[in-house]
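These notes are about the structure you will find just below.
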Amino acid sequence: MTDMLAETAAPASPFTFTVAQERRIVTEIPGPKSRELHQRKLAAVANGVSTALPVYLSHANGAILVDVDGNQFLDFGAGIGVTTIGHTEAAVVEAAEKQLGLLTHGMFTITPYESYLRVAELLAAHTPGDFAKKTVLINSGAEAVENAVKIARKHTGRRAVAVLDHSYHGRTNLTMAMTYKANPYSFGFGPFAPDVYSVPGSYPFRDGLTGAEAATRTIEVLEKHVGAADLAALVVEPIQGEGGFMVPADGYLSALVDWCTANGVVFVADEIQSGMARTGAYYASEHFGIVPDIVLSAKGIAGGLPLAAVTGRAEIMDAAHAGGLGGTFGGNPVACAAAIAVFDEIETKGLLGEARRIEAAFRPLLEALAAKHPVIGEVRGIGAMQAIELVHPGTTTPYPEAVSAIIAYAAQQGLLLLSAGTFGNVLRFLPSLAVTDAHLAEATAIIDEALAAL
Ligand code: PLZ
């Protein structure tokens with residue numbers, strides 16, 4: 001009996017857990033304590049800050065969220081791709097705790113400390129490209145985008161910034177202008193930063209173009225409408241996150257990089273959602289064989305602590321004059337200690353391989369689901385960044401109501417799922433790398449049930 005169990009057991013997980021890695025629903029969802037807290041939220045927190053699933057968290061570990069009513073949710077969102085190596089991962093917690101008692105704030109631009117340097121060195125080693133690189137650390141993804149644009153403008157002496165349709169780059173004034181979707185991100189919040197141009201990208205499911213065709217279309221708009229001579233930077237998510245996990249057609253991104261290089265335009269890869277081991281590589285750029293001039297990291301870089309980075313060619317990064325970059329909390333020592341632990345865990349636990357394992361286990365399950373349910377128009381993604389796009393069967397007409405129905409059903413079953421997409425019709429999966437193959441099968445079964453009930 002023991003032998004049989006050993007034979008059928010899944011390969012050992014590299015993680016150790018403090019919470020049982022299982023779903024457990026013990027109250028209605030949201031439970032009574034969550035409902036009570038939500039009344040306080042409605043009274044005290046600005047309406048603009050909405051909550052997708054108003055269950056209030058008590059703690060979390062690995063791939064499991066525990067709410068104040070004792071319900072346990074299998075987390076397929078990881079706080080939108082933040083707790084990639086798992087919630088409260090032991091090495092991250094230990095590193096942060098230790099740092100807390102030593103130095104919580106130094107203000108690097110006044111009195112520096114080593115951990116900032118170490119994070120910059122790790123980023124230079126793990127971002128694509130074998131050349132001298134430099135880094136600035138800040139607090140959020142949007143701030144990373146802002147700094148990349150500042151640096152590219154200073155380096156090139158040019159004014160314009162281009163982004164791709166369906167992109168998401170943040171909620172600050174400049175990054176709202178760089179984000180495609182007006183509702184909910186920008187409407188009513190203008191006027192916006194000028195000199196930002198959104199140009200068509202590559203969305204194979206909807207445009208049917210090859211990489212070369214899509215790149216020709218993008219470049220034509222850049223040349224005719226923006227003008228290469230005025231363009232400082234092209235900012236691109238190698239796999240668009242909020243836009244719906246579109247994997248660009250083969251050759252698309254490399255054609256854009258080549259055009260940027262030929263025209264003195266800084267190519268910025270916004271890898272805030274696609275980076276830090278999510279796709280089975282440190283950065284998704286690697287899957288497309290591209291070497292960006294600047295790479296942006298945030299979200300997963302510090303295991304849940306706020307940290308973001310702009311890393312790029314030394315000669316571009318050094319265009320900003322001394323004192324031109326910074327910020328009070330940028331590169332906070334506790335966040336840096338956590339980031340160092342994240343890099344270490346990715347290496348020692350072989351987490352790039354875990355992201356590839358998740359793709360190998362999950363992708364066939366999603367393909368089988370698509371074969372059964374014609375409402376699934378496409379299955380796409382790389383590594384632990386997978387999605388399905390839902391349409392009215394036989395068409396490409398978006399079916400966002402189906403996504404909402406699946407998410408609502410899954411929440412009742414203790415599975416947290418996230419939507420995405422300009423049309424709100426994409427179900428995206430970005431679980432922590434601690435999810436097991438059994439979890440993936442469980443999630444698929446729940447989505448199958450929800451689809452059957454549509
Ligand atoms: N660039 C590619 O995915 C953050 C934000 C969701 P911040 N995406 C999730 C929301 O509703 O706020 C993101 C991203 C890409 C930039 C950002 C911005 O990162 O850390 O949220 O500022």
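Being in contact with a helix residue (DSSP H, G or I) (Cβ under 9 Å, 6 or more places away or on another chain) and either surrounded by fewer than 22 Cβ atoms within 10 Å (Cβ to Cβ) or not aliphatic (A, V, I, L, M) (or both) is a description that does not apply to Gly208.
Can we say Thr51 is within 16 Å of the ligand (Cβ to nearest atom), in the same structural domain as Gln412 (by TED's automatic domain parsing) and in a loop (DSSP other than H, G, I, E, B)? When the stated conditions are applied, Thr51 passes them. You will find that of Thr127, Thr175, Thr135, Thr156, the residue that is among the polar types (S, T, N, Q), in contact with a Leu (Cβ under 6 Å, 6 or more places away or on another chain) and at negative phi is Thr135 and no other.
Scanning region 54-65 for residues that are in contact with an Asp or Glu (Cβ under 9 Å, 6 or more places away or on another chain) and not in a strand (DSSP E or B) turns up Val55, Tyr56, Ala63. Here region 385-409 is the region considered, the condition is being closer than 17 Å to Glu242 by Cβ and among the small types (Gly, Ala, Ser), and the residue that is surrounded by the fewest Cβ atoms within 10 Å (Cβ to Cβ) is Ser404.
The set of residues in region 166-204 being away from the ligand (no atom under 14 Å from the Cβ) and surrounded by 15 or more Cβ atoms within 10 Å (Cβ to Cβ) consists of Ala193, Asp195, Val196, Tyr197, Ser198, Val199, Pro200, Ser202, Tyr203, Pro204. Flag not set for Phe73, criterion: surrounded by 12 or more Cβ atoms within 10 Å (Cβ to Cβ), among the aromatic types (Phe, Trp, Tyr) and farther than 19 Å from Leu418 by Cα.
Among the numbered conditions (1) within 14 Å of the ligand (Cβ to nearest atom); (2) touching a residue at least 40 places away in the same chain (Cβ under 8 Å), the only one that Gly275 does not meet is (2).
Against the list (1) within 30 Å of Lys299 (Cα to Cα); (2) among the acidic types (Asp, Glu); (3) away from the ligand (no atom under 16 Å from the Cβ); (4) touching a strand residue (DSSP E or B) at 6+ places or on another chain (Cβ under 8 Å), the condition Asp230 fails is (1). Look at Ala281 and say whether it is surrounded by fewer than 24 Cβ atoms within 10 Å (Cβ to Cβ), under 14 Å from Ala125 (Cα atoms) and of a type in the set (A, V, I, L, M). Taking the combined requirement at face value, the residue satisfies it. Checked against the criterion of being within 16 Å of the ligand (Cβ to nearest atom) and either crowded, with 24+ Cβ neighbours inside 10 Å or closer than 24 Å to Arg217 by Cβ (or both), region 252-263 contains one or more residues that satisfy it. When Leu123, Leu137, Leu117 are checked against the criterion of being away from the ligand (no atom under 16 Å from the Cβ) and surrounded by 23 or more Cβ atoms within 10 Å (Cβ to Cβ), Leu123 stands alone in meeting it.
Of the residues making up region 149-158, at least one is within 15 Å of the ligand (Cβ to nearest atom) and in contact (Cβ under 8 Å) with a residue 12 or more places away in the chain.
The criterion of being hydroxyl-bearing (Ser, Thr, Tyr) and loosely packed, with under 14 Cβ neighbours inside 10 Å does not hold for Thr84.
The values are calculated or read from the model by the stated rules, or taken from the named source; none is laboratory data. The structure presented is a predicted model; accordingly, all values stated were derived computationally and were not measured. Here Cβ is always computed from backbone atoms with ideal geometry, including for glycine, and neighbour counts include all displayed protein chains.
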